[in-house]
Amino acid sequence: MLFRYKKILVVFIAILLIAVLAAPAHHAGAYVSSSANIRVGLFYKSGSKDTTLDTVMISSVGGIEIGANQNNAYTKIIETPYIVNAYVDIGVSGYHIKLGQATSDVTRLFDDLNTYKSMGFEVFPVCTNNNLWQLWEGCYLSQGDAERAITSKIIPKAGSGDYSVALPSTYRIIIKYSNGLAAIASESQQSFLMIKSTFNGEPKTVNINGDRYRNAIELRKYTDSQITVINQLTMGDYLNGVVPLEIGTVDTPFEALKAQAVAARTYAIANHKHEDQGFDVCNSTCCQVYGGYDVENLATNNAVKATEGMVATYGGALANLYYFSSSGGATANSENVWSQSVPYLRSVPDPYDNTRYWSYTFTAGEMTEHMRTLGRDIGTVNKIEVTMLSDSGRALELRVYGSNGSTVFKKVSTRSAFPTYLPSQIFSIGSGTHYTVKEGDNSLNSIELSGALVRTGSGTAAVSGVTNVFVKDADGRLVSIQVNASAQGDFVVTGAGSGHGVGMSQFGAMGMARAGYDYVEILKHYFTGIEIEKANLY
């Protein structure tokens with residue numbers, strides 16, 4: 001009997017060992033952890049950009065509640081069905097009467113508030129700069145008006161007490177009802193006013209100056225700007241407001257939407273650029289374009305839900321996924337656009353990209369003035385040439401010549417060398433009808449197309465007037481360029497693609513999806529060596 005048990009145990013261990021060896025390996029990336037929530041800057045100051053507001057109109061279907069976020073702990077203070085407005089409490093009506101000492105006891109605060117209101121006072125709670133709560137009364141035009149009110153109004157009804165005047169403060173945000181009465185205020189730099197919807201249903205959104213946002217809105221005041229407005233919400237709700245704006249929803253295949261959702265989620269977790277401003281990401285192209293609840297779409301919401309928690313990893317760590325509109329036939333190595341070489345941001349062919357072609361014409365005068373604007377005064381511009389190309393056909397170096405010298409632009413800055421910021425780094429330059437072409441030995445040469453013999457459907461003909469000429473691009477495809485023989489002296493810039501070119505082409509992703517590829521295959525095509533894993537969201 002003992003031998004039989006031993007035999008059974010040996011068989012069990014053998015089966016278990018085979019199962020363990022046969023099981024797929026867990027990638028380290030499966031242990032990527034991130035908060036399930038995200039803070040999005042809606043109106044903010046960052047560098048030279050300042051979109052902060054001096055007035056914020058706030059409302060919600062079903063009413064709102066207002067409280068304070070103190071050390072990441074929310075305390076509800078008031079609830080109202082009315083529209084309210086937030087202001088910076090300086091200047092006119094920025095004087096108030098402080099009633100007693102500040103307290104951390106919110107229950108006592110409300111008892112005192114109700115007592116004062118029963119006496120007919122216009123009392124409201126204030127979060128002070130030491131994270132305590134205090135009751136204030138009224139909005140007065142001057143310190144003298146407030147002091148006189150203490151004597152003539154407060155003491156006769158409430159008796160003697162600890163009363164003083166609160167002066168206007170650049171840190172203070174005050175929220176008032178439409179009739180001008182104060183509802184709540186905060187002047188703390190550690191606690192911030194937070195607004196939520198009290199709607200008994202879904203979606204719970206807060207309306208900020210006419211636009212709706214899910215979950216909660218936070219208001220902050222810094223010394224060098226007006227009111228900073230932050231949307232706090234779940235990662236899923238954030239992506240619902242990102243994906244439709246970043247890739248569009250008209251005829252976009254579902255697998256491409258899913259690829260975009262994973263790319264956007266990974267990027268948001270990896271890039272918290274604005275922590276110094278009190279939030280994680282902004283709502284512009286600096287991070288990812290976010291439009292709140294009003295831009296949501298059923299298809300994109302479903303794509304976000306279908307890929308819930310999924311992110312891209314490389315070598316066991318979270319990858320940093322970049323994306324753009326159109327590649328022009330091939331994506332770019334990261335170091336050919338920016339500075340750092342990233343192993344999963346490699347140039348790959350993009351045969352499914354619906355390439356955008358474009359052309360701009362600039363006069364010598366426009367180029368000369370633009371160089372001056374950039375602080376590169378080289379005299380009258382008379383020549384522009386691309387002096388170095390990447391394997392994907394992107395300009396790595398551009399030299400602009402003038403009557404007083406020349407100046408060089410490199411990599412992504414080549415796009416800013418012109419009065420109009422170029423859509424991509426894939427471009428050629430013609431002066432009138434001269435165009436820079438790449439020879440068979442990869443050398444660059446300027447050729448004159450006006451009067452040149454070209455092949456047509458019926459033989460050969462000379463280029464003259466305004467003519468569309470087809471040339472082969474780096475992938476052997478025919479590209480149409482316009483030769484304008486009347487534009488002598490102008491600089492004609494003709495190019496392909498749109499965006500920085502690093503990572504995933506959105507038009508390419510749509511093309512791959514239409515060809516039958518799923519979102520994982522799409523992402524692995526554009527990002528070399530990545531894995532798609534489920535993050536641990538907490």
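The values are calculated or read from the model by the stated rules, or taken from the named source; none is laboratory data. The structure displayed is predicted, hence computed values, not measured ones. Cβ placement follows ideal geometry from the backbone for every residue including glycine, while neighbour counts extend to all protein chains displayed.
With the requirement that a residue be at positive phi and surrounded by fewer than 19 Cβ atoms within 10 Å (Cβ to Cβ), what does the stretch 364-396 give you?
Answer for the stretch 364-396, where residues must be at positive phi and surrounded by fewer than 19 Cβ atoms within 10 Å (Cβ to Cβ): GLY375, GLY379.
So which residues in the stretch 288-324 are crowded, with 21+ Cβ neighbours inside 10 Å and in contact with a strand residue (DSSP E or B) (Cβ under 8 Å, 6 or more places away or on another chain), if there are any at all?
The answer is GLN288, TYR290, GLY292, VAL311, ALA312, THR313, ALA319, LEU321, TYR322, TYR323, PHE324.
Please find, within the stretch 131-162, the residue that is nearest to GLU187 (Cα to Cα) out of those that are of a type in the set (S, T, N, Q) and either touching a Pro at 6+ places or on another chain (Cβ under 9 Å) or touching a residue at least 12 places away in the same chain (Cβ under 8 Å) (or both).
Step by step, filter the stretch 131-162, then rank; the result is ASN131.
Restricting the stretch 78-120 to residues that are outside any strand (DSSP E or B), among the small types (Gly, Ala, Ser) and surrounded by 15 or more Cβ atoms within 10 Å (Cβ to Cβ), which is modelled with the highest pLDDT?
Within the stretch 78-120, the match that is modelled with the highest pLDDT is GLY94.
Pull out all pairs, ordered by first then second residue, where Cβ-Cβ is under 8 Å, the residues are six or more apart or on different chains, the first lies in the stretch 98-124 and is within 21 Å of ASN69 (Cβ to Cβ), and the second is among the polar types (S, T, N, Q) and assigned to a loop (DSSP other than H, G, I, E, B).
If the second residue must be among the polar types (S, T, N, Q) and assigned to a loop (DSSP other than H, G, I, E, B), the pairs left are ALA102/THR128; ALA102/ASN130; SER104/ASN131.
Could you please give the count of residues in the stretch 349-363 that are outside any strand (DSSP E or B) and either polar (S, T, N, Q) or surrounded by fewer than 17 Cβ atoms within 10 Å (Cβ to Cβ) (or both)?
4
Looking at the stretch 275-289 only, could you name the residues that are under 8 Å from the mean Cα position of the chain (by Cα) and either of a type in the set (Asp, Glu) or under 19 Å from ILE227 (Cα atoms) (or both)?
Scanning the stretch 275-289 gives VAL281, CYS282, ASN283, SER284.
Can you name every residue in the stretch 47-66 that is surrounded by 14 or more Cβ atoms within 10 Å (Cβ to Cβ) and part of a loop (DSSP other than H, G, I, E, B)?
THR51, THR52, SER60, VAL61, GLY63
Hey, could you check the stretch 183-231 for residues that are more than 20 Å from the chain's Cα centre (by Cα) and among the acidic types (Asp, Glu) and say which is nearest to LEU132 (Cα to Cα)?
GLU187
From ILE83, ILE58, ILE77, ILE64, which residue is under 30 Å from ASN200 (Cα atoms) and under 26 Å from the mean Cα position of the chain (by Cα)?
ILE58
Rundown of residues vs (1) buried (at least 24 other Cβ atoms within 10 Å of the Cβ); (2) of a type in the set (Asp, Glu); (3) in a loop (DSSP other than H, G, I, E, B), yes/no style:
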| position | (1), (2), (3) |
| --- | --- |
| GLU218 | no, yes, no |
| GLY236 | no, no, no |
| THR249 | no, no, yes |
| LEU257 | yes, no, no |
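Output the number of residues of the stretch 484-538 satisfying the condition of being at pLDDT below 95, in a loop (DSSP other than H, G, I, E, B) and surrounded by 15 or more Cβ atoms within 10 Å (Cβ to Cβ).
Number of matching residues: 4.
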